[in-house]
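Single-structure report; data block below.
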Amino acid sequence: MDPIEKLTKPHSLQKSMIFHSEYCQEHTYRKNGKEIVNPIQKMVIGGHVVCPRCELEKEHQALTNEVQAYYDGFQSQKIYNIFLNKSIITDQTILNASFENYETSIQEERQNKSTCIEIAERLKSGQVFNPFLQGIQGTGKSHLAYSILKRINDAKLNKSCLFINVEDMMRKIKDSFSNRQSKYTERYFVDLLSSVDFLALDDVGAETGAIDTDKTASDFVQRILYAITSTRQDKATILTTNLSSEVLFKLYDKKLVSRLLKNPKYVLFKETKDKRLASIPF
C-alpha cells in the first residue's frame with residue numbers, strides 16, 4: 001500500500017481497546033515554565049498492556065519514515081533521469097556508449113579507456129577536476145565522456161549528470177529567439193548546466209563552424225559558456241574537443257579558456273585513427 005494511503009486509513013488502535021489500571025508516566029506538558037507529567041492510562045491491545053499514546057507516536061514515526069523513504073526514492077529516480085531525459089546528444093549512437101563497448105586495438109586506446117575508467121572512479125569518490133579529452137574527430141572522445149557519466153549515474157549517488165553537445169545547444173538557443181514556445185532558451189541552459197553535479201561539454205569549438213585559427217567565437221557563444229563555467233568552479237566538467245589548446249586560446253577569451261582548463265586531467269588521442277572512417281568500405 002502507498003504510504004500516503006496509509007495515512008488516510010482508520011488507525012489500528014481504534015480496534016478492541018480495553019483500559020488497564022496502569023498509567024504511563026513518560027508524557028509531559030509545560031506549564032508556567034515547568035515540565036508536568038501527564039499520566040496516560042494504559043490499554044490492553046492485542047493481549048499486550050501498552051500506552052496508547054506511545055503506540056500512536058511509534059506508528060506515526062514509522063509512517064513518517066516510510067513516507068520519507070518513498071519521496072527520497074522518487075527524488076533519487078528524478079535525479080537519475082536527468083542524464084537520460086535532459087542531455088543534448090547529436091549522435092544518437094552515443095546513447096549506447098559504455099566502457100564495455102569501447103573498442104580498442106592500439107595501446108593508446110587501451111590506455112585512454114583505462115584512464116577514463118579511473119576518472120569515473122575518482123569523480124565518484126568526490127574529487128573535483130576537469131577531464132579534457134582532446135584529439136581528432138572520430139576517435140571515441142564522446143563515447144568515453146558519455147561512459148564516464150554513465151558509470152557515475154548508474155552508481156546512483158544522488159548526483160546529477162548531463163551530457164551536452166555544445167553546437168546543438170547553441171543551435172537550440174538561437175532557434176528559441178523566433179520560437180516563443182521553445183523551452184531551450186539561454187536562461188534554461190545556463191540554469192540547467194550550472195546546477196548539475198557532473199557535466200560533459202561535447203565537441204567544444206565545433207559551434208564556431210569550420211576550424212580556422214584566425215577566427216574567434218562570437219560574443220553570444222562566449223557569453224553563454226562564460227556564464228556556465230563561472231558557476232562550476234567547484235564542480236567537475238568534462239570537455240571533449242578536436243582543437244588544440246593553442247587554437248582554443250585563439251578562439252575564446254583567455255579567461256574563459258583558463259576556466260575550461262582549470263585543474264585538468266588530459267586524455268590525449270594522438271595515435272588513434274578516426275573510427276568512423278575505418279568502418280567505411282572504399
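The values are calculated or read from the model by the stated rules, or taken from the named source; none is laboratory data. This one's a predicted model, so the numbers in the text were calculated from it and none came from an experiment. So basically every Cβ, Gly included, is an ideal-geometry build from the backbone, and we count neighbours across all protein chains shown. SASA here: full protein model, heavy atoms, side chains in, ligands and nucleic acids out. Shrake-Rupley method; radii C 1.70, N 1.55, O 1.52, S 1.80 Å.
Mind checking which residues of segment 131-166 are without any contact (Cβ under 8 Å) to a residue 60 or more places away in the chain and either among the charged types (D, E, K, R) or surrounded by fewer than 19 Cβ atoms within 10 Å (Cβ to Cβ) (or both)?
Across segment 131-166, the qualifying residues are R151, D154, A155, L157.
In segment 184-231, which residues are at pLDDT 95 or above and exposed (fewer than 13 other Cβ atoms within 10 Å of the Cβ)?
R187
Cβ-Cβ distance below 7 Å, separation of 6 or more or different chains: which pairs start in segment 254-273 with a residue that is touching a residue at least 40 places away in the same chain (Cβ under 8 Å) and end on one that is open to solvent by 60 Å² or more (accessible area, probe 1.4 Å)?
F269/I136
Can you list the helices (runs of 4 or more DSSP H) found entirely within segment 132-251 that contain at least 3 residues being more than 21 Å from E118 (Cβ to Cβ)?
Per the criteria, 166-176, 186-195, 219-230, 245-251.
So, in segment 167-182, how many residues would count as being of a type in the set (S, T, N, Q) and open to solvent by 60 Å² or more (accessible area, probe 1.4 Å)?
Qualifying residue count, segment 167-182: 3.
Taking segment 252-263, which residues are open to solvent by less than 40 Å² (accessible area, probe 1.4 Å) and part of a loop (DSSP other than H, G, I, E, B)?
Y252, L261
Exactly one condition in (1) modelled with pLDDT of 90 or more; (2) open to solvent by less than 70 Å² (accessible area, probe 1.4 Å) is not met by D234; state its number.
So D234 meets the others, but not (2).
Report, ordered by the first and then the second residue, all pairs with beta carbons closer than 9 Å, sequence separation of six or more or different chains, a first member in segment 62-86 that is exposed (fewer than 13 other Cβ atoms within 10 Å of the Cβ), and a second member that is at pLDDT 75 or above and in a helix (DSSP H, G or I).
L84/L95; L84/N153
Suppose we filter segment 219-274 for residues that are of a type in the set (S, T, N, Q) and under 20 Å from the mean Cα position of the chain (by Cα); how many remain?
Residues in segment 219-274 being of a type in the set (S, T, N, Q) and under 20 Å from the mean Cα position of the chain (by Cα): 6 in total.
Test V128 against the criterion of being over 18 Å from Q92 (Cα atoms), open to solvent by 10 Å² or more (accessible area, probe 1.4 Å) and outside any loop (DSSP other than H, G, I, E, B), and give yes or no.
The answer is no for V128.
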